[in-house]
Amino acid sequence: MTENQPRVFPPDFLWGAATSSYQIEGAAREDGRTPSIWDTFSHTPGKVLGGDNGDVAADHYHRFREDIELMSGLGLGGYRFSVSWSRVQPTGRGPAVQRGLDFYRELVDGLLERGIVPSLTLFHWDLPQELEDAGGWPARETAERFADYAALVGEALGDRVGMWSTHNEPFCAAFLGYGSGVHAPGRTEPESVLKAAHHLNLSHGLATQALRSVLPKNTQIGITFNPVVSRPYSESPADKDAARRIDALQTRIFTDPVLHGAYPADLKQDTARVSDWSFLRDGDEATIHQPLDWLGLNYYTPSVVSAAADGDPTEGADGHGSSEHSPWVGSADLVRFHLAPGERTEMGWVIDPTGLSELLLRFHREAPGLPLYITENGGAFEDKADESGLVHDPDRIAYLHGHLGAVHDAMAQGADVRGYFLWSLLDNFEWAYGYSKRFGMVHVDFETLQRTPKASARWYSEVIAAGQLPD
Ligand code: GCO
């Protein structure tokens with residue numbers, strides 16, 4: 001793109017917004033829904049800031065029609081949501097609960113009536129507690145139960161949903177749930193992390209096969225990752241190797257088997273102290289390596305990594321580049337995360353759109369011909385409302401402007417990017433941070449549950465209508 005040329009997006013570019021079931025639905029015990037691991041975790045004292053939980057959240061379960069009107073009013077072309085497994089299959093086994101499926105049928109029909117493309121994610125971390133009690137993702141059987149669940153949802157919604165994702169960020173489910181313990185179920189077992197990662201991969205392959213057997217042939221099936229943009233703190237060999245380790249542990253542990261059909265050798269070497277990988281059975285990698293129709297990439301911030309000097313505090317990460325004092329698995333004594341200089345969001349994540357271009361171009365090269373979607377990108381900022389209740393959020397607008405510019409840059413270099421889902425449609429339950437961090441382009445008053453579009457929603461709506469970025 002030469003200077004001063006408008007940054008125009010293709011007319012069929014899918015402009016969307018994203019949410020997830022536990023973060024917005026509420027209705028935690030209605031119509032047959034049973035506790036997920038996030039219900040258990042959020043009700044465990046000390047696990048979530050302020051003791052917040054998703055019992056009510058944004059009450060999307062009861063207000064989804066209002067939310068669809070909001071989306072339509074903003075001119076959104078797509079809505080990425082996830083299905084609550086324990087709402088549609090309460091024990092994680094056996095028959096589906098029709099009232100649970102009916103909610104998603106009504107949601108999808110409402111979206112289609114408004115010309116909004118539903119993008120369905122089967123799993124966004126809210127595992128039925130009963131399956132966790134039986135071992136959770138470290139247990140191979142959970143992968144098999146996931147395939148059954150996928151078939152149930154596929155049979156119920158396959159006639160009206162064309163875009164499916166098996167998982168959202170399996171890294172977080174495995175590493176933060178079973179390693180650092182900052183996410184549900186809050187376990188800190190190094191080998192369980194690797195078993196969970198593998199069984200999440202295996203469940204993706206099994207579920208993709210199950211979906212292919214019940215869905216119309218032209219259905220688009222993908223998966224969503226939050227690959228690390230892992231940058232060495234210096235050019236030293238030790239720091240470069242630390243960046244490689246994190247790339248293996250956070251990204252290639254998922255993308256290599258899914259995209260290329262084998263786990264990376266360096267990962268197995270790096271984790272040999274923790275596991276002999278005997279949980280990996282013959283044929284598993286071939287099962288994981290199912291043909292994909294699209295790849296979802298979530299991006300917020302890059303990571304800066306160095307070798308841990310002696311006595312460095314062991315630092316982990318929350319999956320998006322910031323560091324929290326929590327043990328890594330397999331490399332805890334080998335890497336240190338640094339918070340890069342620069343402006344940062346309320347999450348402490350440095351704002352650096354170049355990482356998004358880098359990520360898109362990496363997978364454009366690594367998986368040529370595979371359509372890419374940014375399935376999450378956005379920022380938490382300290383929102384202030386004026387006397388009329390309108391939130392003026394120039395920081396969020398600047399964040400979105402910069403990152404959409406990075407998307408356009410990558411597309412100008414050949415990346416086949418088909419759409420962008422802003423995180424998030426609504427302020428919502430931000431996991432261990434509870435409701436203290438607001439990512440929504442629509443403000444939610446969690447007392448009254450009133451929705452009020454922020455200035456960023458109007459800005460995004462104008463970008464969608466124009467099909468191009470303002471200068
Ligand atoms: C993730 C999850 C979202 C988060 C968002 C902000 O990417 O971690 O998919 O549920 O809320 O990313 O952290």
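A few comments on the model shown:
- Filtered by the rule that a residue be out of contact with any helix residue (DSSP H, G or I) (no Cβ under 6 Å at 6 or more places or on another chain) and either under 25 Å from Asp293 (Cα atoms) or of a type in the set (D, E, K, R) (or both), region 232-248 gives Glu235, Asp239, Lys240, Asp241, Arg244, Asp247.
- Of all residues assigned to region 159-167, none qualifies as being open to solvent by 10 Å² or more (accessible area, probe 1.4 Å) and within 19 Å of Ala134 (Cβ to Cβ).
- Taking region 182-196 as the range and being within 16 Å of the ligand (Cβ to nearest atom) and open to solvent by less than 10 Å² (accessible area, probe 1.4 Å) as the test, only Ala184 passes.
Every residue, every condition in (1) out of contact with any helix residue (DSSP H, G or I) (no Cβ under 9 Å at 6 or more places or on another chain); (2) within 16 Å of the ligand (Cβ to nearest atom); (3) at pLDDT below 95, yes or no:
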position: Ser323; (1), (2), (3): yes, yes, yes
position: Ser331; (1), (2), (3): no, no, yes
position: Gly355; (1), (2), (3): no, yes, no
position: Leu361; (1), (2), (3): no, no, no
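- Criterion (part of a strand (DSSP E or B), at pLDDT 95 or above and of a type outside the set (Lys, Arg)) met by exactly one of Tyr373, Tyr399: Tyr373
- Residue match in region 252-262 (condition: more than 16 Å from the ligand (Cβ to nearest atom), in a loop (DSSP other than H, G, I, E, B), in contact with a helix residue (DSSP H, G or I) (Cβ under 8 Å, 6 or more places away or on another chain) and free of Cβ contacts under 8 Å to residues at least 40 places away in the same chain): yes
- Taking region 84-157 and the helices (runs of 4 or more DSSP H) fully enclosed by it, the elements with 3 or more residues that are modelled with pLDDT of 95 or more and surrounded by fewer than 20 Cβ atoms within 10 Å (Cβ to Cβ) are at 98-113, 140-157.
- Only a single item in (1) closer than 22 Å to Val228 by Cβ; (2) part of a helix (DSSP H, G or I) is not met by His183, and it is number (2).
- Selection within region 418-446 - away from the ligand (no atom under 15 Å from the Cβ) and open to solvent by 10 Å² or more (accessible area, probe 1.4 Å): Arg418, His443, Asp445, Phe446
The values are calculated or read from the model by the stated rules, or taken from the named source; none is laboratory data. This structure is a prediction, so every number in the text was calculated from the model and none was measured. Virtual Cβ from ideal backbone geometry, glycine too; neighbours counted across all protein chains shown. SASA here: full protein model, heavy atoms, side chains in, ligands and nucleic acids out. Shrake-Rupley method; radii C 1.70, N 1.55, O 1.52, S 1.80 Å.
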